[in-house]
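Working notes, structure below.
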Amino acid sequence: MSNIKKAFENGKAFIPFITCGDPDIETTKKCVLEAVDSGADLIELGIPFSDPTAEGPVIQEANERALKGGVTTDKIFELVRDLRGKIDIPLVFMTYANVIFSYGAEKFFSICREIKIDGVILPDLPYEEKNEFLPICKKYGVDLISMIAPTSEKRISMIAREAEGFLYIVSSLGVTGTRSEITTDLKSIIENVRKSTKIPCAIGFGISTPEQAKKMADLSDGAIVGSAIIKLIKEYKAQAPVKVGEFVKEMKKALRD
């Protein structure tokens with residue numbers, strides 16, 4: 001049984017996203033530890049890629065800063081190995097298919113198992129092409145986490161039936177980034193999901209305030225926040241971990257209220 005289920009066992013889950021290596025690996029490590037101490041239930045760790053097609057300007061720039069700073073997949077593996085000596089909450093990588101292809105899928109997922117990465121999210125991997133990675137994910141016990149977007153429509157139940165870990169529900173069309181309002185009919189998407197699977201689902205893309213997070217978690221099993229956290233890290237740099245911790249506490253409180 002997937003370790004990811006632990007994230008959803010104590011009420012609504014709050015899932016922060018952090019780009020590894022922005023502005024440096026040490027700050028990433030401290031941000032993750034603060035987020036865990038402040039109540040994060042699962043953490044998405046972004047492995048930077050030069051052409052992150054699902055990301056808006058905020059996370060694109062974080063990818064660029066991290067890559068310019070010399071971050072590599074191997075350095076991120078070492079970061080997770082270090083973190084695993086201190087934390088045991090579920091961790092998933094969010095990256096792109098080319099990152100895994102270029103590293104070597106067998107090697108990539110064998111190390112994921114070794115360092116206890118629980119799942120991988122690949123926004124550029126269509127459902128129809130998931131068998132590129134699914135057999136090797138299963139071999140090494142890493143959940144290949146599926147995404148459902150507003151455009152998934154007739155494919156929703158099909159994707160949901162075969163989902164692993166948790167389902168990432170994309171709140172809005174377009175790329176990641178904070179939004180003042182989320183207008184997608186998420187209620188009907190999630191009702192469709194619930195008919196097809198008992199696997200938990202969390203909503204991401206565009207969530208930046210406690211009010212939005214609560215609204216999304218009321219509909220689903222949790223809320224995912226990335227760009228708002230990346231903005232804090234960009235602004236506060238080495239001092240960012242404390243700010244990230246405060247933000248996570250605020251979000252967790254909203255999800256409990």
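Things worth noting here:
- For the stretch 1-149, size of Cβ-based charge dipole, Lys and Arg +1, Asp and Glu -1, in debye: 480
- Residue exposure sequence - LYS6, LYS214 - by fewest surrounding Cβ within 10 Å: LYS6, LYS214
- Modelled spin labels at ASP218 and GLU162, positioned 7 Å past Cα toward Cβ, are 3.5 nm from each other.
- Label-point gap, in nm, between LYS198 and TYR140 - each point 7 angstrom along Cα→Cβ: 3.0
- Taking amide hydrogens as placed 1.01 Å from N in the peptide plane, the amide H of ILE169 sits under 5 Å from those of ILE148, ALA202, ILE203, GLY204, each at least 5 positions away in sequence or on another chain.
- When its C-alpha radius of gyration is set against 2.2 N^0.38 Å (N residues), the stretch 195-238 gives a value of 1.41.
- Karplus-derived 3J(HN,Hα), 6.51/-1.76/1.60, for each residue of the stretch 191-197, Hz, glycine and proline x: 4, 5, 4, 4, 6, 10, 7
- Efficiency of FRET from Cβ geometry, PHE101 and LYS68, R₀ 25 Å, rounded to 0.05: 0.65
- Rounded to whole Hz, the Karplus (6.51, -1.76, 1.60) HN-Hα couplings of the stretch 111-123, x for glycine and proline: 5, 4, 5, 4, 9, 6, 7, 8, x, 9, 10, 10, x
- When the helices of the chain are scored as -39500 (n - 2.57) per DSSP H run of n ≥ 4 and the total is divided over every residue, the value at 222 nm lands at -13000 deg cm²/dmol.
- Around the Cα centre of the stretch 3-252, unit charges on the Cβ atoms of Lys, Arg, Asp and Glu (plus for the first two, minus for the last two) sum to a dipole of about 460 debye.
- Residues of the stretch 104-122 with amide N under 20 Å of a point placed 7 Å along Cα→Cβ from THR151: 121-122
- For the stretch 207-222, putting each phi into the Karplus relation 6.51 cos²θ - 1.76 cosθ + 1.60 with θ = phi - 60° gives couplings of 8, 9, 10, x, 5, 5, 4, 5, 4, 5, 5, 4, 7, 10, 9, x Hz, in residue order, rounded to whole numbers and with x for Gly and Pro.
- Evaluated over the chain, the Cα radius of gyration and Dmax, each in Å: 16.6, 46
- Normalised radius of gyration (Cα atoms, divided by 2.2 N^0.38 Å) for the stretch 1-59: 1.27.
- Between the stretch 189-257 and the stretch 139-155, the Cα center-to-center distance that results, in Å: 19
- The listed peptides 240-249, 185-194, ordered by packing as a protection proxy, come out as 240-249, 185-194 (highest mean of other Cβ atoms within 10 Å first).
Bear in mind that the values in this text are calculations on the coordinates, not laboratory data. Being a predicted model, the structure only gives us computed values, none of them experimental. Using ideal geometry, Cβ is built from the backbone for each residue, glycine included, and neighbour counts are taken over all protein chains shown.
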